[in-house]
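Scroll down for the structure; my scribbles are underneath it.
The values are calculated or read from the model by the stated rules, or taken from the named source; none is laboratory data. Keep in mind that this is a model prediction, so the values were computed, not measured. Quick reminder, even Gly has a Cβ in these numbers, built from the backbone with ideal geometry, and neighbours come from all protein chains shown.
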Amino acid sequence: MKTRQLTLLVFVFAMSLGVATMAFAEGYPWRDHSRPFDFRFGNHFDMHQQSKLLGNGELQGFQYIEFTGAFTPTGQPIAMHGQATVGWIMHGIPGEARLVALGMHHPTWLVEPADLPRQPGYVHFHWVGGPLSPGDIGKTFQGFFLRHTARETFFFPHHGTLVTPGVDLNFAPNIVTSWP
């Protein structure tokens, strides 16, 4: 009986790995933050991301886009934030940053150099909590340093960049380590 239980356990584990691998390779359908991707930032970012907290406190998930049907003059499809297609696979490392400026699309965050993730690609910080206001400048917020890995090529006007497969170092860099 123990052999059968162990075989079943190994099968279930292998299937869960296969499903997770397939989800990350193929993209994960928008399911309105249903389990297991039920983490919420508590702000506008939740309208186009689904992620889950891992056991080590890090974040894994997806940022979604919608293709507009239009193309750049050189033939790349144009996409915007949406819920139709996984544009990026997202990984987050928890941290904190001080809000120093509100931008048109993304706020600027001040981070001590020693507090930055050592792995390359974590160029964006996103806070956890409600909308920001000018009264929040100078306050420290908890959030995640995010690394985005693009799945395909598309032009993303929100950032004004051509996105190509791989780690996206141009994904809205909004972290500074010194402020005048």
- Query: Just checking, how many residues over the range 141-160 are assigned to a strand (DSSP E or B) and either over 22 Å from Asp46 (Cα atoms) or of a type in the set (Lys, Arg) (or both)?
  - Reply: 1
- Could you check how many residues of the range 117-138 are in a loop (DSSP other than H, G, I, E, B) and either over 17 Å from the mean Cα position of the chain (by Cα) or not assigned by TED's automatic domain parsing to the domain that holds Val100 (or both)? 7
- Given the conditions (1) over 19 Å from Gly61 (Cα atoms); (2) in contact with a helix residue (DSSP H, G or I) (Cβ under 8 Å, 6 or more places away or on another chain), every one holds for Ala114 apart from (2)
- Query: Within the group Thr161, Thr108, which residue is surrounded by fewer than 17 Cβ atoms within 10 Å (Cβ to Cβ) and either aromatic (Phe, Trp, Tyr) or assigned by TED's automatic domain parsing to the domain that holds Gln49 (or both)?
  - Reply: Thr161
- Can you name every residue in the range 91-109 that is touching a residue at least 24 places away in the same chain (Cβ under 8 Å) and either among the small types (Gly, Ala, Ser) or assigned to a loop (DSSP other than H, G, I, E, B) (or both)? Gly92, Gly95, Ala97, Ala101, Leu102, Gly103, His105, His106, Pro107
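With respect to Gly92, determine if the residue is assigned by TED's automatic domain parsing to the domain that holds Gly138, of a type outside the set (Asp, Glu), buried (at least 17 other Cβ atoms within 10 Å of the Cβ) and at positive phi.
no
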- Query: Just a yes or no: is a residue in the range 97-116 over 12 Å from the mean Cα position of the chain (by Cα) and closer than 16 Å to Ser51 by Cβ?
  - Reply: no
